[in-house]
Amino acid sequence: MDIFLQVLFSGLTVGAMYAAGSISLSLLWSSMGMLNLANSSFIAIGGYAAYFCMTILGASWVFAIPLAIVSGAVAGYLFYHLVVRWLFVRPDFAINIIISTVAVAALVENVILNAFGPEARRQPFQIPGGMPIGGAFLPFQTLLTLVMAMLLLALVLWIMKRTRTGLVIRAVAQQRDAAQLMGIDVSSSFARAMMLAATVGTVSGVLVTASTQLFPATGFDATVKALVICIIAGLGNIRASILMAFVLGIFEIAIQYIFGQRFGFPAMLGLVIVVLIVSPVGLFGKQTVTRV
C-alpha cells in the first residue's frame, strides 16, 4: 500500500507538470490549427523569469508567477507579430509553422545559453515540507503543482467560454471568413490566443523547472511529452489532454518502478503508436470534414 501511494503521488506530480504543458499546445491547435513546437521556449522563458526574480532580484517566490505571466504575454505578442502573422495567410501554414517554431525554439535556446550559460541550475521556486499519508509522503510542492495546473485549466476554460476574448477566438477558429465579415479583427484575435497560450506556457515553465532542473533546453522534454499526451487525447481537446496527462503520468511512473527509469518514456511512445493505429484522431479527438 505504501508503494502504491508513493507511485500515485509521484505520478500525480509528473501528470500535473504534463497537464500544465499540454494546455498551451491544445489551446493553439483548437484556436488556430497551429502545432507550436516553440512551446519549449515559453517553458524556458518562464523558468528563467522565476530564477531571475528570486535569485538575481532577490524577490519572494510570490512574485515569480506574476513575472512569468508578464514574460509570457510579451513573448507571445512578439512571437505572433514577428513570425506567425506572416505565415498564417500563406499556403501550407500547417507545415511551415512547424519548421518555423523549431527554428524559433533553437534561437531562444541559444539566446538563453549566451545569457545564462550552459550549466543546469536549481529553480528556487520551492515550497519545503509535506505531509505523511499512509506510509507515503506527499510534498507541498506536489500540491502546489496540482493546484496551479487545475487553476490554469479553469482559467483557460473560463476565458474561452465566458469572456468576449474567448468568444472572438472561438468564432474565428470555427469560421474565419464569416467572423471577418462580421467585423471581427482576425489578426487581433489570433494575437490574443497566442499571448494566452504563451502565458500558460511560461507559468507551466515555473512549475516544470521547480520539480526538475533549469537549463537552456529545459522545455524540450516537457514539450515532447505534452505533444504525446495531446496526440493520445486528441489534438485540440483541452479537457481530455488534462485527463490523459494525469493518466500517463501515473502510467510512466508505474512503468519506471516496475521495469526501470529508462523504460518510462519509450512505453509512452509505444502507447501512442497503439492509440493512433486504433484511433488516428486520438481517444477523444473528432474527425474533421472539409467541404469543397
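Observations, loosely collected:
- Hits in segment 33-44 - residues which are surrounded by 24 or more Cβ atoms within 10 Å (Cβ to Cβ) and either more than 15 Å from I229 (Cβ to Cβ) or modelled with pLDDT under 85 (or both): A38, S41, F42, A44
- A115 being more than 30 Å from A173 (Cβ to Cβ), part of a helix (DSSP H, G or I) and over 18 Å from the mean Cα position of the chain (by Cα): yes
- With respect to the conditions (1) buried (at least 22 other Cβ atoms within 10 Å of the Cβ); (2) within 27 Å of A50 (Cα to Cα); (3) under 15 Å from the mean Cα position of the chain (by Cα), L214 falls short on a single one, namely (3).
- Count of segment 170-186 residues which are surrounded by fewer than 16 Cβ atoms within 10 Å (Cβ to Cβ) and under 26 Å from the mean Cα position of the chain (by Cα): 2
- Segment 60-99 - residue that is of a type in the set (S, T, N, Q) and surrounded by 14 or more Cβ atoms within 10 Å (Cβ to Cβ) and, of those, farthest from A50 (Cα to Cα): N96
- From the options A179, A173, residue that is farther than 30 Å from L8 by Cβ, touching a residue at least 24 places away in the same chain (Cβ under 8 Å) and either part of a helix (DSSP H, G or I) or touching a Cys at 6+ places or on another chain (Cβ under 6 Å) (or both): A173
- Candidates L151, L167, L146, filtered to the one that is modelled with pLDDT under 90 and over 18 Å from the mean Cα position of the chain (by Cα): L167
- Residue that is nearest to the chain's Cα centre (by Cα), among those in segment 100-112 that are farther than 19 Å from M32 by Cα, crowded, with 18+ Cβ neighbours inside 10 Å and β-branched (V, I, T): V108
- Pair list, Cβ < 8 Å and 6+ apart or interchain, from segment 60-74 residues that are farther than 20 Å from M194 by Cβ and small (G, A, S) to residues that are modelled with pLDDT under 95 and crowded, with 16+ Cβ neighbours inside 10 Å: S60/M54; A64/A49; A64/A50; A64/C53; A64/M54; A64/F125; A64/V206
- Residue check, L196 under 20 Å from L67 (Cα atoms) and without any contact (Cβ under 8 Å) to a residue 24 or more places away in the chain: no
- Lone qualifier among V104, V84, V89 - being touching a residue at least 12 places away in the same chain (Cβ under 8 Å) and closer than 18 Å to S31 by Cβ: V84
The values are calculated or read from the model by the stated rules, or taken from the named source; none is laboratory data. Keep in mind it's a predicted model, so treat the numbers as computed, not measured. With ideal geometry, Cβ positions are generated from the backbone for all residues, glycine too; neighbour counts draw on all protein chains shown.
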